[in-house]
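To start, the structure under review is shown below, and the notes come after it.
The values are calculated or read from the model by the stated rules, or taken from the named source; none is laboratory data. Keep in mind that this is a model prediction, so the values were computed, not measured. Cβ atoms come from the backbone with ideal geometry, glycine included; neighbour counts cover every protein chain shown.
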Amino acid sequence: MKYSPISQITVRGTWGKGFRAPNPAEYSHAASAYLLGEYADSMLCPSSNANPYIPAYNLNYPVLPTAGDVASFCNCPAAFVQGTNPALQPERSTNYTIGAIFSPVDKVNLSVDFWDIKVSNLIVSPSEFSALPFPPAPVLNARTGPVTLPVLQANGSSVLENFPEGEPIYSLSSYENAGEIHVNGIDTDLNTHFDIGNIGRITASLNWSHEFLWDMSSCYAGQCATVYLAGTHGPTGISGDTGNPKDRAVFTLAWDKGPWDMTWTLNYTGHYDLTDPSTGITTCAEAVDASFGTKFLTGVFPEQYCTVKHFTDVNLYVAYAFSDHFSVQGSVVNVFNTPPPVDIQTYGNSALSYNPSLAQDGAIGTFFNLGFKYKF
């Protein structure tokens, strides 16, 4: 729908429905194996009072072994095999936008659009979202069979005991249709250009996107829950722990005159905190403990890192055309060598504590490119 009551104003809107069919990796005969953090095995480390496979995000991690435990299985790698589910149904979506375009004066254009998307019948792996009541997926914990292992005693010694089911090998789970995602926000675009006589032509644009909400909900066995993830680190089970900032913006300022072409670009990614309510991590202390284990279990943690600060970098592009056939161009990425903000929660790069999905240019630093183009 589009309507222009006067030449300076245009109102527009869209509405649509969609679906995503399950792919072969989700419904066919396939599987993938992976490691995810560490856990305490409830059978061989009964003091953990935990399920057979719990990711490192669980606050019971790490577990200090006590009498009755096989110490090595109170803190061991978690191996998973993600299976498929032939009974999966398609995901369904409904979306709409409504906005307006304003041209108050010649060569100035402003558009503002509100957008809203709902996705239902989500295809998820329930183990990734411990804070939501998903239906239990079929789970098989594969074990080695009978084995003899040393069990810790109260006096600190160990005694060998037989365990008929043996050591854990991996946990198998499948995909399920469950839950709903609801996101909405506003996009703003401002564009203008001016011809300034002998100075040349100047073009400027600003693109800004703000996320109002990013909610995930589910119901099972009479229990319903919703987690609010905008501005947090979640949902790690979908985004790969990349962070979910509410604001992003790009500002460009270009100048061209004759053979010269120059463009400055400013990229802005807003701040977000360390929490992920979809996995039950709702405070900074919980997020830090989940990332570092015993390092901050005393409650003393670096509060200055509870919020991952915004990241802004500036890029420059310059080109000069010597003729219609030959031109030279160069660019500088991250002109001011802005470092990436500290993100101690992400597993994308835990060694250097920055988020490579959002701030890779900051980690690389100032980077130069130079090239030429010749047309025959």
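How do the pairs read when you match residues in segment 98-121 that are within 15 Å of Thr188 (Cα to Cα) with residues anywhere that are part of a loop (DSSP other than H, G, I, E, B), using Cβ under 9 Å and keeping only pairs 6 or more apart or on different chains?
From segment 98-121, the pairs are Ile98/Met1; Phe102/Gln8; Ser103/Ser7; Ser103/Gln8; Asn109/Ser103; Leu110/Ser103; Leu110/Pro104.
Can you tell me which residue among Ala225, Ala221, Ala204 is hydrophobic (A, V, I, L, M, F, W, C) and free of Cβ contacts under 8 Å to residues at least 60 places away in the same chain? Give the derivation first.
Working: Ala225 fails: free of Cβ contacts under 8 Å to residues at least 60 places away in the same chain; Ala221 fails: free of Cβ contacts under 8 Å to residues at least 60 places away in the same chain.
From the options Ala225, Ala221, Ala204, the qualifying one is Ala204.
Which one of Ala230, Ala249 is modelled with pLDDT of 95 or more, under 20 Å from Pro339 (Cα atoms) and touching a Leu at 6+ places or on another chain (Cβ under 9 Å)?
Working: Ala230 fails: under 20 Å from Pro339 (Cα atoms).
Every option except Ala249 fails the conditions.
Restricting segment 320-353 to residues that are among the hydroxyl-bearing types (Ser, Thr, Tyr) and either assigned to a loop (DSSP other than H, G, I, E, B) or within 24 Å of the chain's Cα centre (by Cα) (or both), which is modelled with the lowest pLDDT? Lay out the reasoning, then the answer.
We begin by selecting, within segment 320-353, every residue among the hydroxyl-bearing types (Ser, Thr, Tyr); these are 320, 323, 327, 331, 338, 346-347, 350, 353.
In the following step, the residues that additionally are either assigned to a loop (DSSP other than H, G, I, E, B) or within 24 Å of the chain's Cα centre (by Cα) (or both) were identified as 323, 338, 346-347, 350, 353.
Details: Ser323: 93, Thr338: 97, Thr346: 81, Tyr347: 70, Ser350: 55, Ser353: 83.
It comes out as Ser350.
Would you check which residues across segment 61-81 are of a type in the set (S, T, N, Q) and surrounded by fewer than 19 Cβ atoms within 10 Å (Cβ to Cβ) and list them? Please lay out each step first, then the result.
Keep residues of segment 61-81 that are of a type in the set (S, T, N, Q), which gives 66, 72, 75.
Hits for segment 61-81 are Thr66, Ser72.
In segment 187-221, which residue that is hydroxyl-bearing (Ser, Thr, Tyr) and under 29 Å from Pro90 (Cβ atoms) is surrounded by the most Cβ atoms within 10 Å (Cβ to Cβ)? So that I can check it myself, show each step before the final result.
Our first condition is that a residue be hydroxyl-bearing (Ser, Thr, Tyr); within segment 187-221, this holds for 188, 192, 203, 205, 209, 217-218, 220.
Then keep just the ones that are under 29 Å from Pro90 (Cβ atoms); that gives 209, 217-218, 220.
Details: Ser209: 18, Ser217: 17, Ser218: 22, Tyr220: 15.
Among those that are hydroxyl-bearing (Ser, Thr, Tyr) and under 29 Å from Pro90 (Cβ atoms), it is Ser218.
Taking the condition of being within 30 Å of Asn155 (Cα to Cα) and under 28 Å from the mean Cα position of the chain (by Cα), how many residues in segment 64-88 meet it?
So in segment 64-88, the residues within 30 Å of Asn155 (Cα to Cα) come out as 64-78.
Then drop every residue that is not under 28 Å from the mean Cα position of the chain (by Cα), which leaves 75-78.
Summing the residues that are within 30 Å of Asn155 (Cα to Cα) and under 28 Å from the mean Cα position of the chain (by Cα) in segment 64-88 gives 4.
Which ones in segment 1-46 are of a type in the set (D, E, K, R) and touching a residue at least 40 places away in the same chain (Cβ under 8 Å)?
Hits for segment 1-46 are Arg12, Lys17, Arg20, Glu26, Glu38, Asp41.
For Ser218, state whether it is of a type in the set (Gly, Ala, Ser) and assigned to a strand (DSSP E or B).
yes
Would you be able to say whether some residue in segment 234-253 is more than 29 Å from Tyr347 (Cα to Cα), out of contact with any Ser or Thr (no Cβ under 9 Å at 6 or more places or on another chain) and touching a residue at least 40 places away in the same chain (Cβ under 8 Å)? Spell out the reasoning first.
Within segment 234-253, the first condition is being more than 29 Å from Tyr347 (Cα to Cα), and the residues that meet it are 251-253.
This time we only want the ones that are out of contact with any Ser or Thr (no Cβ under 9 Å at 6 or more places or on another chain), so: none.
Scanning segment 234-253 turns up no residue that is more than 29 Å from Tyr347 (Cα to Cα), out of contact with any Ser or Thr (no Cβ under 9 Å at 6 or more places or on another chain) and touching a residue at least 40 places away in the same chain (Cβ under 8 Å).
If you go through segment 222-256 one residue at a time, how many are more than 22 Å from Thr312 (Cα to Cα), surrounded by 14 or more Cβ atoms within 10 Å (Cβ to Cβ) and of a type outside the set (Gly, Ala, Ser)?
8
Residue by residue through segment 202-221, note down the ones that are more than 23 Å from the chain's Cα centre (by Cα) and at pLDDT 95 or above.
Answer for segment 202-221, where residues must be more than 23 Å from the chain's Cα centre (by Cα) and at pLDDT 95 or above: Ile202, Thr203, Ala204, Ser205, Leu206.
Give the residue, chosen from Asn184, Asn162, that is surrounded by 17 or more Cβ atoms within 10 Å (Cβ to Cβ) and in a strand (DSSP E or B).
Among Asn184, Asn162, only Asn184 is surrounded by 17 or more Cβ atoms within 10 Å (Cβ to Cβ) and in a strand (DSSP E or B).
For residues in segment 27-74 being of a type outside the set (A, V, I, L, M, F, W, C) and touching a Cys at 6+ places or on another chain (Cβ under 8 Å), which is modelled with the highest pLDDT? Before you say what the answer is, go through the steps one by one.
So the first thing to find is which residues in segment 27-74 are of a type outside the set (A, V, I, L, M, F, W, C), and the list is 27-29, 32, 34, 37-39, 41-42, 46-49, 51-53, 55, 57-58, 60-62, 65-66, 68-69, 72.
Checking the rest, the ones that are also touching a Cys at 6+ places or on another chain (Cβ under 8 Å) come to 38-39, 41, 47-48, 62, 65, 69.
Working: Glu38: 72, Tyr39: 73, Asp41: 82, Ser47: 82, Ser48: 74, Pro62: 55, Pro65: 86, Asp69: 93.
My answer is Asp69.
Quick grid of which residues meet (1) at pLDDT 80 or above; (2) of a type in the set (Ser, Thr, Tyr); (3) farther than 30 Å from Gly371 by Cβ; (4) touching an Asp or Glu at 6+ places or on another chain (Cβ under 8 Å):
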{"site": "Ile281", "(1), (2), (3), (4)": "yes, no, yes, no"}
{"site": "Glu286", "(1), (2), (3), (4)": "no, no, yes, no"}
{"site": "Phe292", "(1), (2), (3), (4)": "no, no, yes, no"}
{"site": "Gly299", "(1), (2), (3), (4)": "no, no, yes, no"}
{"site": "Glu303", "(1), (2), (3), (4)": "no, no, yes, no"}
{"site": "Thr312", "(1), (2), (3), (4)": "yes, yes, no, no"}
{"site": "Val318", "(1), (2), (3), (4)": "yes, no, no, yes"}
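Please count how many residues of segment 354-376 are on the phi < 0 side of the Ramachandran plot and part of a loop (DSSP other than H, G, I, E, B). Give the steps one after another, and end with the answer.
Here is the first cut: in segment 354-376, the ones on the phi < 0 side of the Ramachandran plot are 354-364, 366-376.
Still in the running and part of a loop (DSSP other than H, G, I, E, B): 354-355, 366, 375-376.
Selection size over segment 354-376: 5.
For segment 147-199, enumerate the residues that are within 30 Å of Cys224 (Cβ to Cβ) and hydroxyl-bearing (Ser, Thr, Tyr).
So the first thing to find is which residues in segment 147-199 are within 30 Å of Cys224 (Cβ to Cβ), and the list is 171-186.
Residues satisfying the conditions are Ser171, Ser173, Ser174, Tyr175.
Okay, residues lined up against (1) part of a loop (DSSP other than H, G, I, E, B); (2) modelled with pLDDT of 95 or more; (3) on the phi > 0 side of the Ramachandran plot:
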| residue | (1), (2), (3) |
| --- | --- |
| Ile101 | no, yes, no |
| Pro104 | yes, no, no |
| Leu110 | no, yes, no |
| Ser127 | no, no, no |
| Ser130 | yes, no, no |
| Pro135 | yes, no, no |
| Gly145 | yes, no, yes |
